[in-house]
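Reviewing the structure listed below.
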Amino acid sequence: MKTIQDILSSGTAYLEERGVEGARHSMQSLLVHVLGCNKTWLYLHYDDPLPEDKLVPLRELLRRRSQGEPLQHLLGSTEFYRREFRTDARALIPRPETEELVEFALQMAPRSQGMRVLDMGCGSGIIGITLALELARLAPEVVMADISEAALSLTLENATALGARVKTYRSDLFAAWDTPEEGAVRPPEGLFNLVLANLPYVPEGEEVSIEVQHDPSTALYGGPDGLDIVRRFLKDALPHLAPRALVMLEVGHDQGPATQEIMKELGYTQCRVLTDMSGKARFPMGFAPVPPAAEETTHGED
């Protein structure tokens, strides 16, 4: 009978031959999943024989991984901001860089009791749910919106599993607020203090990896230059923002400067682009403009 080490080595080689990135990590993760253990246990039991009844499910998972099916789909979950989130084909697979976006938001957002937070294009719910839990002592009203009913169902499953208090609405950007369909549930009125969005930004026709092809197409493509939905979002958001509300986005590695210019043209203030840990400028941000009447009131108080 082959040992766990034998299976790990042969499985890693199998994935490498088929061009799977991070082949050893994938094989380790599949073994942990099938054996119901953690990586520490796996390391300590490399010389143990692998039970025959575990080989059949492992081979099937290995075959699917070799064909480019994302590891997160095979495992059914992924870790994000120290929490486990359910992941499947209903929504975009959470990317590591998005953790950095959430961290920036938590560092920079103006905080107040009962603050209103919006996660637009919420997908699996990782951003809004994380903010709801991290800001829980402020009792924020966290609203999450997505055009996909399937994605919203995944968001609700994650929110329930993690005990996050959020509200979800089906909406094509701000359509549910501005032009609600007859009979549709309309989101609550009120201005938002913090808005984060990870919207589709892949240019039409651009090739994506086999793994990314498993994500819903509605979560990927954003027009000829990838920024059509971003432009519409930034414009339509303005009437829904409290003065000096912080707006942050995640975009493609080369789209930060262009998005920053769009924000400036629309009147957002203190616009800049934050870089991820790889040095890529992918997090454009800015603050909502202050209406002239509000400016006058502020100056009068001074």
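Taking Leu173, is it assigned to a strand (DSSP E or B) and in the same structural domain as Glu99 (by TED's automatic domain parsing)? Working first, answer last.
Numbers: assigned to a strand (DSSP E or B): no; in the same structural domain as Glu99 (by TED's automatic domain parsing): yes.
The answer is no for Leu173.
Has the range 102-115 got any residue that is of a type outside the set (S, T, N, Q) and in contact with a Lys or Arg (Cβ under 9 Å, 6 or more places away or on another chain)?
Pass one, the range 102-115, residues of a type outside the set (S, T, N, Q): 102-106, 108-111, 114-115.
If we keep only those that are in contact with a Lys or Arg (Cβ under 9 Å, 6 or more places away or on another chain) as well, we get 110.
Checking the range 102-115: at least one residue is of a type outside the set (S, T, N, Q) and in contact with a Lys or Arg (Cβ under 9 Å, 6 or more places away or on another chain).
Identify, from the list Glu181, Glu134, the residue that is surrounded by fewer than 23 Cβ atoms within 10 Å (Cβ to Cβ), out of contact with any strand residue (DSSP E or B) (no Cβ under 7 Å at 6 or more places or on another chain) and at pLDDT 95 or above. Before you say what the answer is, go through the steps one by one.
Working: Glu181 fails: at pLDDT 95 or above.
Of the residues listed, the single one that is surrounded by fewer than 23 Cβ atoms within 10 Å (Cβ to Cβ), out of contact with any strand residue (DSSP E or B) (no Cβ under 7 Å at 6 or more places or on another chain) and at pLDDT 95 or above is Glu134.
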If we ask which residues in the range 52-93 are of a type in the set (D, E, K, R), out of contact with any helix residue (DSSP H, G or I) (no Cβ under 7 Å at 6 or more places or on another chain) and over 16 Å from Gly125 (Cα atoms), their number turns out to be 5
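Being crowded, with 21+ Cβ neighbours inside 10 Å, at pLDDT 85 or above and either in contact with a Pro (Cβ under 7 Å, 6 or more places away or on another chain) or not assigned by TED's automatic domain parsing to the domain that holds Arg282 (or both) is the requirement here; does Asn193 meet it?
Working: crowded, with 21+ Cβ neighbours inside 10 Å: yes; at pLDDT 85 or above: yes; either in contact with a Pro (Cβ under 7 Å, 6 or more places away or on another chain) or not assigned by TED's automatic domain parsing to the domain that holds Arg282 (or both): yes.
Yes: the conditions hold for Asn193.
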(1) in a helix (DSSP H, G or I); (2) loosely packed, with under 15 Cβ neighbours inside 10 Å all hold for Gly19 apart from (1)
With criteria (1) in a loop (DSSP other than H, G, I, E, B); (2) at pLDDT 90 or above; (3) surrounded by 13 or more Cβ atoms within 10 Å (Cβ to Cβ), Val34 comes up short on (1)
message: Residue under question is Leu154, and the condition is that it be in contact (Cβ under 8 Å) with a residue 24 or more places away in the chain, of a type outside the set (S, T, N, Q) and surrounded by fewer than 21 Cβ atoms within 10 Å (Cβ to Cβ); does it hold?
response: no
Log entry, pairs with first residue in the range 180-193 being at positive phi, second being surrounded by 12 or more Cβ atoms within 10 Å (Cβ to Cβ), beta carbons closer than 6 Å, six or more apart or on different chains, reads Gly190/Arg116
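Which residues, counting only those in the range 94-108, are crowded, with 20+ Cβ neighbours inside 10 Å and either touching a helix residue (DSSP H, G or I) at 6+ places or on another chain (Cβ under 6 Å) or over 22 Å from Tyr201 (Cβ atoms) (or both)? Even if it seems obvious, please write down each step before you answer.
To start, the set of residues in the range 94-108 that are crowded, with 20+ Cβ neighbours inside 10 Å comprises 94, 98, 101-102, 105.
Pro94, Val102 - these are the residues of the range 94-108 that are crowded, with 20+ Cβ neighbours inside 10 Å and either touching a helix residue (DSSP H, G or I) at 6+ places or on another chain (Cβ under 6 Å) or over 22 Å from Tyr201 (Cβ atoms) (or both).
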Filtering the range 154-186 down to residues that are touching a Pro at 6+ places or on another chain (Cβ under 6 Å), closer than 30 Å to Glu84 by Cβ and not aliphatic (A, V, I, L, M) yields Tyr169
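The values are calculated or read from the model by the stated rules, or taken from the named source; none is laboratory data. Computed from a predicted structure; not experimentally measured. Cβ coordinates were reconstructed from backbone atoms using ideal geometry, including for glycine residues, and neighbour counts include every protein chain displayed.
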